[in-house]
């Protein structure tokens with residue numbers, strides 16, 4: 001038997017919502033807009049599967065580089081490399 005290694009493997013604690021967090025208004029997160037060059041943090045919302053970045057990038061901070069459809073392209077540093085993550089606005093938060 002071979003073990004499954006899906007997109008969400010080993011992410012039980014990372015992709016878990018707090019008890020009261022499920023009651024927050026998701027529509028305001030879907031409608032939020034960002035400008036090019038703005039700093040954002042990738043915080044995955046596990047209840048919204050569409051446009052979800054890989055769990056390894058959860059908690060990373062980067063800058064908005066552009067748009068691809070309704071999603072945003074976020075430029076982050078991963079070690080010595082620059083990577084571009086395509087993410088729905090639900091999974092992004094502004095850095096204040």
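A short reminder: the numbers here are calculations on the coordinates, not readings from a lab. Bear in mind the structure is a predicted one, so any value in this text is a computation, not a measurement. Because the Cβ atoms are built from the backbone with ideal geometry, glycine has one as well, and the counts that use them run over all protein chains shown.
Summary of values
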item: Enumeration of residues in segment 79-94 that are assigned to a strand (DSSP E or B) and more than 9 Å from the chain's Cα centre (by Cα); result: 81, 82, 83, 84, 94
item: Residue count for segment 79-95, restricted to those that are without any contact (Cβ under 8 Å) to a residue 60 or more places away in the chain and surrounded by fewer than 12 Cβ atoms within 10 Å (Cβ to Cβ); result: 5
item: Subset of segment 26-78 [surrounded by fewer than 16 Cβ atoms within 10 Å (Cβ to Cβ), assigned to a loop (DSSP other than H, G, I, E, B) and in contact (Cβ under 8 Å) with a residue 60 or more places away in the chain]; result: 32
